[in-house]
Amino acid sequence: KAQWRAEIERFCARSVQLVLGSARERAEQYRHGAFFTVCNYEQVLRDVLPIEQVPWDLIVLDEAQRIKNWRAKTAMMVKSLPSRYAFVLTGTPLENRIDELYSIFQFLDPRILGPLWHFNDRFYELEKRENGTYKVLGYKNIDQLRALIKPYILRRTRDEVLKDLPPRTDNN
């Protein structure tokens, strides 16, 4: 959180509130009225009621891979937060499961990839088992999926961002 505050102060003069302290103190800090409010994923789980009472204009998720499991409590709570706009950042490439991509896009805008049943039908090769469950055999229409998400993703390689990073510091 301190790193986010330092970066915000470096680039603009807007107020920043780091959410810290007891539950009562944190509840007050969400209502503080700072331009930026910075909290972590664990606080979202613990503080969902006071967070939901604030009319957020924008929610930015750093380390968005934390919501890649759409069944996890953290992902469900974060996705339930009301906000006019959403933005996600991650330095971790998505793994070989497109449902992780689906989960992150559900936070951004659930309309982009549609309902899960439709997404599964369009992009998964499934085999129905005798017990009524399905086994994932592979993926299909990946080029369509790539085209569908392309307008919403900015992907930068290490070489592209290297000039923007501070010099490396080693501490032993």
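Can you pull out the residues in the stretch 83-98 that are surrounded by fewer than 18 Cβ atoms within 10 Å (Cβ to Cβ) and either under 15 Å from N69 (Cβ atoms) or at pLDDT below 85 (or both)? Scanning the stretch 83-98 gives T90, G91, T92, P93, L94, E95, N96, R97. In this structure, L18 qualifies as of a type in the set (A, V, I, L, M) and farther than 24 Å from Y152 by Cα.
In this structure, L45 does not satisfy being in contact with a strand residue (DSSP E or B) (Cβ under 7 Å, 6 or more places away or on another chain) and of a type in the set (A, V, I, L, M). Would you be able to say whether some residue in the stretch 6-24 is basic (K, R) and surrounded by 13 or more Cβ atoms within 10 Å (Cβ to Cβ)? No; the residues of the stretch 6-24 include none that is basic (K, R) and surrounded by 13 or more Cβ atoms within 10 Å (Cβ to Cβ). Sort out which residues of the stretch 43-54 are free of Cβ contacts under 8 Å to residues at least 24 places away in the same chain and not in a loop (DSSP other than H, G, I, E, B), and write them in order of number. Across the stretch 43-54, the qualifying residues are R46, L49. In the stretch 109-131 there is at least one residue matching the filter, namely being of a type in the set (D, E, K, R), closer than 16 Å to W70 by Cβ and open to solvent by less than 100 Å² (accessible area, probe 1.4 Å).
When the stretch 40-55 is filtered for residues that are open to solvent by 30 Å² or more (accessible area, probe 1.4 Å) and touching a Lys or Arg at 6+ places or on another chain (Cβ under 7 Å), the ones remaining, listed by number, are N40, L45.
Being among the hydroxyl-bearing types (S, T, Y) and modelled with pLDDT of 90 or more, is that true of even one residue in the stretch 155-172? Within the stretch 155-172, not a single residue is among the hydroxyl-bearing types (S, T, Y) and modelled with pLDDT of 90 or more. Restricting attention to the stretch 66-76, the residues being open to solvent by less than 40 Å² (accessible area, probe 1.4 Å) and in a helix (DSSP H, G or I) number 3.
Restricting the stretch 134-152 to residues that are among the β-branched types (V, I, T) and modelled with pLDDT of 90 or more leaves a set whose member that is nearest to the chain's Cα centre (by Cα) is I149.
Among all positions in the stretch 13-30, there is no residue which is of a type outside the set (V, I, T) and within 14 Å of the chain's Cα centre (by Cα).
Here is a yes/no grid of residues against (1) within 23 Å of R5 (Cα to Cα); (2) surrounded by fewer than 14 Cβ atoms within 10 Å (Cβ to Cβ):
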{"residue": "A64", "(1), (2)": "yes, no"}
{"residue": "K79", "(1), (2)": "no, no"}
{"residue": "L137", "(1), (2)": "no, yes"}
{"residue": "I142", "(1), (2)": "no, yes"}
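Checking each residue in the stretch 147-172 for being farther than 25 Å from L101 by Cα and of a type in the set (A, V, I, L, M, F, W, C) picks out L162, L165. Residues of the stretch 137-151 include at least one that is touching an Asp or Glu at 6+ places or on another chain (Cβ under 9 Å), more than 23 Å from M76 (Cα to Cα) and hydrophobic (A, V, I, L, M, F, W, C).
The values are calculated or read from the model by the stated rules, or taken from the named source; none is laboratory data. Values in this document were obtained by computation on a predicted structure and should not be read as measured data. Neighbour counts are summed over all protein chains in view; Cβ atoms, including those assigned to glycine, are modelled from backbone coordinates with ideal geometry. Ligands, DNA and RNA are stripped out before the accessible areas are found, and what is left, the full protein with its side chains, is counted by its heavy atoms. Shrake-Rupley method; radii C 1.70, N 1.55, O 1.52, S 1.80 Å.
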